[in-house]
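Q: Quick one: this structure, given as structure tokens, is what I'll be asking you about.
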Amino acid sequence: MAEWIGRELERIRKLRGLRREDVAARLPRPVSASTIRNIEHDEEYNVSLELLRQIAAVLGVKIQVSVEAEDLKRWHTPPGERPAFQLPDASAGVEGQDRLIDNEYFIRYIRARHPDCPLTNSQIGRRMWDFAKPRGAELVKGRMQVKKLPVGESIATYRLPTTAAQYRVHARDIDVLHGFADRLGRSYRDEKGRVLVPLI
């Protein structure tokens with residue numbers, strides 16, 4: 001993971017001989033010097049890309065944003081190592097250009113890749129369905145019985161659901177659904193205890 005952008009902004013600010021107060025006051029909508037300090041040092045500080053660009057403009061630099069589709073990088077286990085948890089096959093049930101999938105698959109996917117995700121299983125299931133439905137997903141049957149995991153393959157302390165919604169999705173949307181599942185997996189609690197899902 002790249003170093004937090006705030007540290008680079010701080011380095012440039014110091015090279016320019018500017019104080020935090022100077023930068024804060026020159027912004028189109030001035031902020032406090034403590035906000036600049038938070039941006040420079042707190043990787044979890046909730047700052048908009050627009051504010052980062054404004055700070056960069058004051059410093060005479062440009063911020064470039066790149067997008068990497070982490071979900072398109074296949075989950076890889078180095079040769080000779082056994083994965084701690086084997087995900088179910090998302091391609092099971094391929095019918096033409098559609099695939100059958102269920103919320104239990106995404107719950108397992110998130111719990112395996114993002115064990116600290118604060119969302120409950122039902123929140124994951126509901127949000128995945130709400131994301132898939134406008135993309136043409138069709139509910140196959142309301143709920144299906146979920147198979148029990150073999151002993152030794154439980155996921156952290158989370159109990160998997162006993163039933164899960166099953167739906168048909170377009171094969172071309174599988175990567176997009178995995179990307180959204182990864183976003184849900186990176187959810188976090190703010191200082192007030194609210195669960196927030198990152199925008200990207």
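The values are calculated or read from the model by the stated rules, or taken from the named source; none is laboratory data. Being a predicted model, the structure only gives us computed values, none of them experimental. Every residue, glycine among them, receives a Cβ derived from its backbone with ideal geometry; neighbour counts consider all protein chains shown. Side chains included, ligands, DNA and RNA excluded: accessible areas come from the protein's heavy atoms. Shrake-Rupley method; radii C 1.70, N 1.55, O 1.52, S 1.80 Å.
Q: Can you tell me which residues in region 29-56 are among the basic types (Lys, Arg) and farther than 14 Å from Ile5 by Cβ?
A: If the condition is that a residue be among the basic types (Lys, Arg) and farther than 14 Å from Ile5 by Cβ, then Arg29, Arg37 are the ones that fit.
Q: Could you please give the count of residues in region 162-200 that are assigned to a strand (DSSP E or B), at pLDDT 85 or above and either acidic (Asp, Glu) or open to solvent by less than 30 Å² (accessible area, probe 1.4 Å) (or both)?
A: 1
Q: To continue, here is another question. Name the pairs: first residue in region 46-63 and open to solvent by less than 50 Å² (accessible area, probe 1.4 Å), second residue of a type in the set (Lys, Arg) and not in a helix (DSSP H, G or I), Cβ to Cβ under 7 Å, at least 6 apart or on different chains?
A: Ala56/Lys62; Leu59/Arg16
Q: Based on this model, can you work out whether Pro150 counts as modelled with pLDDT of 85 or more and of a type outside the set (D, E, K, R)?
A: Spelling it out, it is not the case that Pro150 is modelled with pLDDT of 85 or more and of a type outside the set (D, E, K, R).
Q: Could you list all residues from region 1-32 that are in contact (Cβ under 8 Å) with a residue 40 or more places away in the chain and among the β-branched types (Val, Ile, Thr)?
A: Ile5, Ile12
Q: Take the residues in region 38-91 that are within 20 Å of His114 (Cα to Cα) and not in a loop (DSSP other than H, G, I, E, B); name whichever of them is modelled with the highest pLDDT.
A: Glu70
Q: Within region 97-111, can you find the residues that are at pLDDT 85 or above and open to solvent by 30 Å² or more (accessible area, probe 1.4 Å)?
A: Passing the criteria: none in range.
Q: Are there any pairs, at least 6 apart or on different chains, whose C-beta atoms fall under 8 Å, with the first in region 123-143 and at pLDDT 85 or above and the second open to solvent by 100 Å² or more (accessible area, probe 1.4 Å), and if so, which?
A: none
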